[in-house]
Amino acid sequence: MNPTDDQGQSVQTAPELQVPAEILPTLVEIGEEVNASLDLDEVLARAAALVKRIIDYEIFGVLMVETSGGYLKHRFAIGYPRDLAENLRIPLGQGITGTAAATGHPVRVSDTSKDPRYINAIDSVRSELAVPLMISGKCIGVLDIQSRHLDYFTRDQQSVLTLLASRLAVAIENARLFERVRAQADTLLLLNEVSREMSSILDVEELLRRAAELTKRVIDYQILSLMLYDDELKVFRHRLDVKHGHHVQGKLRSAPTEGIVGAAATLREPVLVPDVTADPRYIPVNPETRSELAIPMMHKGRVIGVLDLESPQLNYFTGDHVQTLSILAANLAVSLENARLYEQVARDEARLERDLQAAKRIQGALFRSIPSEDYGMDMAARYVSARAVGGDLYEFLRYGPQQLGVALGDVSGKGTAAALYGSVAIGILRSLAPQKLQPAELLRQLNEVVGERRIEGRFMTMCFATWQKGKRKLRVANAGQSQPLLYKNAHCEKIRLTGFPIGIFDEVRYEEWSVTLEPSDILVFHSDGLSETASPDNQFFGTERLRKLVEEHAQLAAGELADLLLREVEWFSQSAPLADDRTLVVLKVR
């Protein structure tokens, strides 16, 4: 005689497994079948079909204990309405299946209408048999069958189902373990793909928007907030809020110690809240929220933001979610810092570019145009900078209607500092102009003035000449600049003058050389940016090529000759980026 419970219903607490002999081959086959696959859905479908062969049930279900441990939920069902099977959650200890799970023993009910434990999910059910799925003394789920007939399931069927459940529990656990490993592998692949995509985005707003979309691929959240820490205001600012797939406006900011987000930032570790109503730290913002997960985004030991997820379901987030989202948050933090750094660099570069363009305009304004007065010379000046601004300079000093001073210089280094130094030199030259100094004396005084404002590592080379129109007299002095070329009597040669650069030594004397020029004689000042231009095979253009070009094209006007020399240098380099400024001043006697 079967023992009864307090409700007078049949229940076997420690069944003696007396299996009919004719059933044993089927049980062996069932054991082999359910262990033949590691796909959990396939295992459960096979189990349902095999049980049907020995117990003609009408309703079949396998309910699994949820991760939180408090509920049973259908993993596989036959005969249930779809919505009911998907949404039914049975607390442990309640209902027929909940009792079997809580006690670890089978529960057989002959008449469900007389058992108060029965949860009336389907009105037509009259009898039920629930057998726990046990692994190492722990219930992982319940195998449940139901019938519309009273007193339908027998003691022998209970014994058979109990024996089958022991085999099925092992198969389910193996399949779940395999499923979990496979899911972890898929998640890692997905995280790798997500991280790679995020690392390629360098716009902060686009990165935040894409991060929300990519996070959805990792976990099906309902509400997401991405908050970044504002160092100036000392608050977390909501940079992106997504609610059920739509961007919404959440709180604009929150204190760094406020709520679940503040707890995650303060603890510097994930905070998982299964039930927000039971956590005093929770600040009600979204009325539907029941569980929350906040992950701090860390970069170099500093919290730069928080990734916060909310769900309207209790116990929605799991330890797997914590692990997965922690990896995602770490990668997002790096990508955010890279994007913010890129944006800062872009802003700095844009500001620098504006400053450089302004400096270029100012430098261009400093260079005087070719004198319009008649000094008996056809004159041309050309300047090509290797950067927005450069260190080469040229200057025309008007000593009077008959006398002109011409300078060409090259400051050490390149870029803005060299341009500024060159601008100072032009200013000093113009301040000395009223004295109408001849070349050697002008270079001496320029060196003296520059020496009073000496800047370590900075100096300049310069060639200076004066031209007297009436006497056709040219005087030249050189302070370390490329030796100028003189075309005279159908032959072009260097004017072999040397001297110390400006700004290195305090007391310097310069040699001065003079010559009387005739009509069509040509004087070419040039910076080393022309002669030291390299070809693709690392050959220098050299002064010799310049000299021959002047001889071959001496018939050209000054401007035409200057342009030709620059074109030849450009062609020689095959239009490679300039390594140095190229500056020319060409004077041709009329």
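Need the list of aspartates and glutamates near K300 for cross-linking: C-alpha distance under 12 angstrom, and skip anything on the same chain fewer than eight residues off.
Counting by Cα, and skipping residues close in sequence, K300 has these aspartates and glutamates nearby: E337.
What ranking do M377, M134 get, fewest neighbouring Cβ atoms within 10 angstrom at the top?
Ranked by crowding around the Cβ, least crowded first: M134, M377.
Would you order L564, L240 from fewest to most other beta-carbon atoms within 10 Å of each residue's own beta-carbon?
Details: L564 15, L240 18.
Ordered by Cβ neighbours within 10 Å, fewest first: L564, L240.
Using +1 on the beta carbon of Lys and Arg, -1 on that of Asp and Glu, and nothing else charged, what's the dipole of the range 21-181 about the Cα centre, debye to 20?
380
Computed from the coordinates I sent, semi-axes √(5λ) of the Cα gyration tensor in Å equals one of (i) 97, 25, 17; (ii) 103, 25, 21; (iii) 38, 36, 20. Tell me the label.
(i)
Only Lys, Arg, Asp and Glu count, each charged at its Cβ (+1, +1, -1, -1), so figure out the dipole size of the range 476-590 about its Cα centre, rounded to 20 debye.
Computed charge dipole of the range 476-590: roughly 280 debye.
List W467, W513 from most exposed to least, where exposure is judged by having the fewest other Cβ atoms within 10 Å.
If I rank by nearby Cβ atoms, fewest first, I get W513, W467.
Rounded, prolate or oblate: which fits the range 365-457 when a ≥ b ≥ c are the square roots of the eigenvalues of the alpha-carbon gyration tensor, with rounded for a/c under 1.5 and prolate only if a/b beats b/c?
Verdict is oblate for the range 365-457.
Take every Cα pair under 8 Å in the chain that's 6+ residues apart, average their separations, divide by the length, and report that relative contact order as a whole percent.
Numbers: 1114 pairs, mean separation 50.8, N = 590.
Relative contact order of the chain: 9 percent.
Calculate the FRET efficiency for S124 and R354 from the Cβ-Cβ distance with a Förster distance of 60 Å, rounded to the nearest 0.05.
Rounded to the nearest 0.05, the efficiency is 0.15.
Under 26 Å between alpha carbons, and skipping anything fewer than 8 positions from K216 in its own chain: which lysines qualify?
Qualifying lysines at Cα under 26 Å: K73, K243, K251.
Please report, to two decimal places, log10 I(q)/I(0) for the range 367-589 at q = 0.07, 0.11, 0.12, 0.13 Å⁻¹ as given by the Debye formula with identical point scatterers on the Cα atoms and no solvent.
Those come out to -0.20, -0.50, -0.60, -0.71, one per q.
Averaging sequence separations of C-alpha pairs under 8 Å and six or more residues apart, then dividing by the length of the range 200-343, give the relative contact order as a whole percent.
Relative contact order comes out at 26 percent.
Find which of T99, G79, S335 sits farthest along the positive direction of the dipole of the chain, computed with +1 on the beta-carbon of Lys and Arg, -1 on that of Asp and Glu, about the Cα centre.
Positive-most Cα among the choices belongs to S335.
Among V271, S535, V589, whose Cα projects farthest towards the positive end of the dipole of the chain, with charges put on the beta-carbon of Lys, Arg (+1) and Asp, Glu (-1)?
Of V271, S535, V589, it is V589.
About the Cα centre of the chain, how large is the charge dipole given +1 on each Lys and Arg Cβ and -1 on each Asp and Glu Cβ? Please answer in debye to the nearest 20.
Computed charge dipole of the chain: roughly 2540 debye.
Give me the count of lysine pairs in the range 367-589 whose alpha carbons sit under 29 angstrom apart, restricted to pairs 8 or more positions apart or on different chains.
Total qualifying Lys-Lys pairs in the range 367-589 comes to 24.
What does the highest-first list of 571-578, 45-52 look like by mean Cβ count within 10 Å? Kindly include the intermediate steps, with their values, before the conclusion.
On the way: 571-578: 12.2, 45-52: 18.0.
With the highest mean Cβ count within 10 Å placed first, the list reads 45-52, 571-578.
Cα atoms only: what Rg and Dmax, in Å, come out for the range 21-181?
14.6, 44
Among G405, P484, L207, pick out the residue whose Cα is farthest towards the positive end of the charge dipole of the chain, where Lys and Arg carry +1 and Asp and Glu carry -1 on C-beta, about the Cα centre.
G405
Any read-out appearing in this document is the output of simple, stated calculations on the displayed coordinates, not a laboratory observation. Treat the numbers as computed from the prediction; the structure is a model and nothing was measured. Reconstructed Cβ throughout: ideal geometry from the backbone, glycine too, with neighbour counts over all protein chains shown.
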